[in-house]
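Only one structure is covered here, and it is reproduced in the block below.
The values are calculated or read from the model by the stated rules, or taken from the named source; none is laboratory data. Note that the structure is predicted; figures quoted are calculated from it, not measured. Here the Cβ positions follow ideal geometry from the backbone for every residue, glycine too, while neighbour counts run over all protein chains shown.
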Amino acid sequence: MIYRKYVEVVEDRCTNCKFCELVCKCYSPNLCTGCLACFWACPYEARRVKEEYVEPRFIEIWVDKVKYRVPANLTVSKALEHIGFKFEPLGSKGISLPCKTGGCWSCALLIDGVFERSCITPIRNGMEIITNIKGIVPRRIVHGPEPHLVGGKGTPWWEVNYREYVEAAIWVAGCNLRCPQCQNYHVTYDNVSKALTPKEAAEEIVRCHLIFNTKGVAISGGEPTLNRRWLKLFFEYLNKSLKPKVRRHLDSNGTLLSSDYIDELVESGCNDFGVEPKCVNVKTYMKITGLSSEDEARRYLENSWKAVEYIYDKYREKVFLGVGLIYNDDLVSLREIEKAGDKIRSIDPNIQVTVLDYFPSFRRRYLVRPTVERMLEVKKVLESCGLKCVIVQTRSGHIGPKGVKRG
């Protein structure tokens with residue numbers, strides 16, 4: 001007997017929205033492989049994870065030209081783990097499993113001669129898998145580009161006037177967090193759109209930048225840092241294609257930004273970081289991100305703050321840094337906002353801080369968007385900590401330093 005997980009539909013929650021067909025597609029519709037992509041992606045939580053012990057049926061697969069006998073009805077990644085293959089840690093340069101929903105392509109291998117994602121592809125009898133992908137150009141699902149009036153956490157406040165496009169932006173699929181109020185879930189959980197090479201994505205965003213004469217280009221998500229090989233090459237292509245003064249902006253949750261990863265990105269041409277730790281308390285972070293493991297949440301939260309400190313300490317003369325926090329009455333207290341403000345002030349009170357007012361979205365449609373007045377309270381709390389450049393997103397536009405309103 002072997003243990004397996006599988007997903008079943010919760011009929012009374014299903015709204016027939018077709019998200020599981022049009023955005024996050026099931027690649028094993030006849031018999032669930034337990035990849036859990038649909039479980040994480042369903043906006044109405046109309047999927048339930050079940051567990052059982054079953055009598056295994058075995059098939060044969062070839063991995064790096066060696067034949068293995070493995071249980072049927074697995075994904076390629078699970079079959080590889082069954083035979084002892086070790087995926088690398090998240091944020092590394094190797095093959096890893098960060099999103100497990102098919103968006104980031106960090107787990108892609110040569111499967112029957114085609115570069116494909118191992119996390120959602122079901123195995124079949126006689127399948128041939130090659131794990132050495134050296135020389136294969138990485139891919140990633142990309143949305144956009146689009147010209148953007150506001151930018152993100154790392155967009156310098158003084159460049160935004162809401163009349164001219166400030167950045168050309170793309171958004172990439174896949175995330176290592178599971179935020180129930182994901183503000184961009186149609187991108188985050190997309191596993192059906194065309195995957196682009198770094199060069200293709202760079203060429204498209206540069207074209208958009210030239211058409212709209214933007215001051216910068218930006219990549220957001222999802223979480224851009226999941227596929228390290230792809231992101232490094234993307235910034236290298238941007239660096240070759242853009243004038244030196246054009247900002248090359250990375251918007252990230254910071255969870256995987258180790259010091260060597262940051263160094264690599266700066267060397268590749270990234271000169272603008274927007275890092276979003278979101279909050280300071282682990283329990284709050286778990287509530288915001290949907291993570292169930294306190295150890296994992298603590299590691300991610302601590303790393304995101306370390307990334308802020310490292311970027312500031314080593315590169316403050318070379319790159320622009322913006323820090324992102326979030327606010328909603330149901331998720332974060334004003335006291336915690338104050339603690340975050342004190343933490344940022346201890347690094348440098350002049351660091352730009354942007355607070356997003358989280359609104360009803362994805363699985364938290366019950367949330368009430370904070371009022372403009374409430375967001376002004378948040379701004380006042382942060383400024384009382386000594387911060388000099390605080391921007392708050394509100395339903396009527398962004399309000400920045402000295403109360404200047406735009407939008």
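Of note:
- ILE123 meets all of the listed conditions (1) farther than 28 Å from LEU233 by Cα; (2) buried (at least 22 other Cβ atoms within 10 Å of the Cβ); (3) without any contact (Cβ under 8 Å) to a residue 60 or more places away in the chain but one, namely (3).
- Exclusive hit being assigned to a helix (DSSP H, G or I), touching a Pro at 6+ places or on another chain (Cβ under 8 Å) and buried (at least 24 other Cβ atoms within 10 Å of the Cβ), set LEU250, LEU231: LEU231
- Listed by position, the strands (runs of 3 or more DSSP E) contained in region 1-73 that have at least 1 residues being farther than 22 Å from TRP105 by Cα, touching a residue at least 40 places away in the same chain (Cβ under 8 Å) and hydroxyl-bearing (Ser, Thr, Tyr) are 2-9, 47-54.
- Candidate set from region 182-208 (those that are within 18 Å of LEU149 (Cβ to Cβ) and in contact with a Gly (Cβ under 8 Å, 6 or more places away or on another chain)); member that is surrounded by the fewest Cβ atoms within 10 Å (Cβ to Cβ): ASN184
- Pairs, first over 10 Å from ILE141 (Cβ atoms) and not assigned by TED's automatic domain parsing to the domain that holds PHE39 in region 190-201, second of a type in the set (D, E, K, R) and part of a loop (DSSP other than H, G, I, E, B), C-beta under 9 Å, six or more apart: THR197/ARG139; PRO198/ARG139; GLU200/ARG139
- Any chance LYS78 is at pLDDT 95 or above, touching an Asp or Glu at 6+ places or on another chain (Cβ under 8 Å) and closer than 26 Å to LYS134 by Cα: no
- Among the residues of region 246-271, those identified as among the hydroxyl-bearing types (Ser, Thr, Tyr) and more than 21 Å from LEU325 (Cα to Cα) are SER259, TYR261, SER268.
- Filtered residue count, region 336-362, keeping only those that are within 19 Å of TYR185 (Cα to Cα) and polar (S, T, N, Q): 1
- Restricting region 273-304 to residues that are in contact with a Gly (Cβ under 9 Å, 6 or more places away or on another chain) and over 29 Å from THR371 (Cβ atoms), the residue that is surrounded by the most Cβ atoms within 10 Å (Cβ to Cβ): PHE273
- Residues of region 194-202 include at least one that is under 17 Å from PRO98 (Cα atoms) and in contact with a strand residue (DSSP E or B) (Cβ under 7 Å, 6 or more places away or on another chain).
- Sole exception among (1) more than 28 Å from GLY221 (Cα to Cα); (2) surrounded by fewer than 18 Cβ atoms within 10 Å (Cβ to Cβ); (3) in contact with a Pro (Cβ under 8 Å, 6 or more places away or on another chain) for LEU74, by number: (2)
- Verdict on LYS134 being among the charged types (D, E, K, R) and touching a residue at least 40 places away in the same chain (Cβ under 8 Å): no
- Matching residues, region 263-312, being part of a helix (DSSP H, G or I), of a type in the set (Val, Ile, Thr) and closer than 21 Å to LYS339 by Cα: VAL282, THR284, ILE288, THR289, VAL308, ILE311
- One residue stands out among those in region 379-403 that are in contact with a Phe, Trp or Tyr (Cβ under 7 Å, 6 or more places away or on another chain) and at pLDDT 95 or above: the one that is surrounded by the most Cβ atoms within 10 Å (Cβ to Cβ), which is ILE391.
- Scanning region 339-359 for residues that are surrounded by fewer than 17 Cβ atoms within 10 Å (Cβ to Cβ) and small (Gly, Ala, Ser) returns a single hit, SER346.
- Annotation: of all residues in region 18-55 being over 25 Å from the mean Cα position of the chain (by Cα) and closer than 18 Å to SER77 by Cβ, the one that is surrounded by the most Cβ atoms within 10 Å (Cβ to Cβ) is CYS32.
- Within region 83-99, residues that are in a loop (DSSP other than H, G, I, E, B) have Cβ atoms under 7 Å from residues that are among the acidic types (Asp, Glu) in these pairs: GLY94/GLU88; ILE95/GLU88; SER96/GLU88, counting only partners at least 6 apart in sequence or on another chain.
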